[in-house]
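Please read the structure below before turning to the comments.
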Amino acid sequence: MKVMIRKTSSGALSAYVPKKDLEEPIVSQERPGLWGGTVTLANGWQLALPEMAEGTSLPITVEARRLAGD
């Protein structure tokens, strides 16, 4: 699914899923660099993000995969 990752004005990361019209803060991430691991949204969803270079500028739209069992 397409997911837009952005940094809010307070510096926190958030994810927006246009197809679901859902925007949630990212509350935890598997890797400090964000890319290539999983992130957990405030609503409990876990998303697997693609590998990308460190320092990739935000906002960016990526193809993420929602993990089953959330």
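Any read-out appearing in this document is the output of simple, stated calculations on the displayed coordinates, not a laboratory observation. All figures in this text were calculated on a predicted structure; none of them were measured in a lab. Positions of Cβ are generated from backbone atoms using ideal geometry, with glycine treated the same way; all protein chains shown enter the neighbour counts.
General remarks:
- Cβ-Cβ distances below 6 Å connect the following pairs, each with a first residue in the stretch 53-68 that is part of a loop (DSSP other than H, G, I, E, B), a second residue that is among the charged types (D, E, K, R) and surrounded by 12 or more Cβ atoms within 10 Å (Cβ to Cβ), and a separation of six or more residues or different chains: Leu58/Arg6; Leu58/Lys7; Pro59/Arg6.
Every residue, every condition in (1) part of a strand (DSSP E or B); (2) in contact with a strand residue (DSSP E or B) (Cβ under 8 Å, 6 or more places away or on another chain); (3) farther than 12 Å from Glu63 by Cα, yes or no:
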position	(1), (2), (3)
Val3	yes, yes, no
Ser10	no, no, yes
Ile26	yes, yes, yes
Gly33	no, no, yes
Thr40	yes, yes, yes
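- The requirement of being out of contact with any Pro (no Cβ under 9 Å at 6 or more places or on another chain) and surrounded by 16 or more Cβ atoms within 10 Å (Cβ to Cβ) is fulfilled nowhere in the stretch 50-63; no residue meets it.
- The stretch 1-32: number of residues that are of a type in the set (Gly, Ala, Ser) and either under 16 Å from Arg65 (Cβ atoms) or surrounded by 13 or more Cβ atoms within 10 Å (Cβ to Cβ) (or both): 2
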